[in-house]
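Below: one structure, written as structure tokens.
Every number here is computed from the coordinates shown, using simple stated rules; none is lab data. Given the structure is predicted, the values throughout are model-derived calculations rather than measurements. Here the Cβ is made from the backbone with ideal geometry for all residues, glycine too, and neighbour counts use every protein chain on show.
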Amino acid sequence: MFNGALTLLSLIALADTTGLPVFDAQNVCADLSQQGWSLCRLADSELLAALRSEAETLWQADILTPAGIGRAEDHDIVRKIRRDLTHWMDGSTPAQAGYLAFAEAVRREVNYRLMLGLFAFEAHYAVYEPGGFYKRHVDSFRGARNRMLSSVLYLNPDWDPSDGGLLRIYAPDSEDVIAEITPEFGTLALFLSEDIPHEVTPARRDRFSIAGWHRCNDRGLVPALQVKGLPVA
Ligand code: OGA
Ligand code: MN
């Protein structure tokens, strides 16, 4: 069911080039509570290859659509802020089911260790084509308790920092850049949605990822707000 890219990507994935530690809930939770963000990699090279293959297939079939921002509908405003193509996962393929199962394990571990009350998970494939970016934003208003934990899994073999498309993380309430993350195949970034401002610098190559959010359930009616300062409809 997966195309020939699977074999090639499986081989590539065997040689980890991220230099990052494999996901470990205890380490991730320690990072999240100390600094609000954490960086690691996924070790399941078969799952990674299947996700990349599926993202590429969906993109080539023109299934991905330009992303929006909360309830902002003005296309020009949206294009000033972000230029990525997205497609929501529904768990209907083995690759998606595999990733959602991983997210569920993360949810249970994080709730156990940090008591965040995470309830549900949503995620989409995202492709930033050359020139694509996402200006500085937070994924949820502070206090909205809507999106609580953001995660981005990167699916790009052989990404060089000069290819752009870096995830730039800022210190809370500051202009200080505290990290620039290369979207290399298998890298997983996790951060607190309300606390960590971040942006995606302009990509110079097609950049594949999965952006996901664990939400909590105690303010179910608050709309999804992705950019600070936009009016709430
Ligand atoms: C997002 C986002 C970061 C990335 O989709 O909200 O900030 O590195 N993505 O793709
Ligand atoms: Mn974001």
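When both the range 47-96 and the range 162-185 are represented by their alpha-carbon centers, they are found 21 Å apart.
For the pair Ala144 and Glu175, what calculated FRET efficiency results from E = 1/(1 + (r/R0)^6), where r is the Cβ-Cβ distance and R0 = 25 Å, to the nearest 0.05?
Details: r = 23 Å, r/R0 = 0.93.
Taking R0 as 25 Å, the efficiency between Glu175 and Ala144 is 0.60.
Annotation: the residues Ser45, Ser140, Ser33, sorted from fewest to most other C-beta atoms within 10 Å of their own C-beta, follow the order Ser33, Ser45, Ser140. With semi-axes defined as the square roots of five times the eigenvalues of the C-alpha gyration tensor, the equivalent ellipsoid of the range 89-130 measures 24, 14, 8 Å, largest first. Between Asp206 and Arg168, the simple label model (points 7 Å from Cα in the Cβ direction) yields a spacing of 2.6 nm.
Between Gln34 and Met115, what is the label-to-label distance in nm when each label sits 7 Å out along the Cα-to-Cβ direction? In this crude label model, Gln34 to Met115 measures out at 2.2 nm. On the basis of the beta-carbon distance and an R0 of 35 Å, Ile77 and Gln26 show a calculated FRET efficiency of 0.25. Spin-label model, Trp88/Phe133: points 7 Å from Cα along the beta carbon direction are separated by 2.9 nm.
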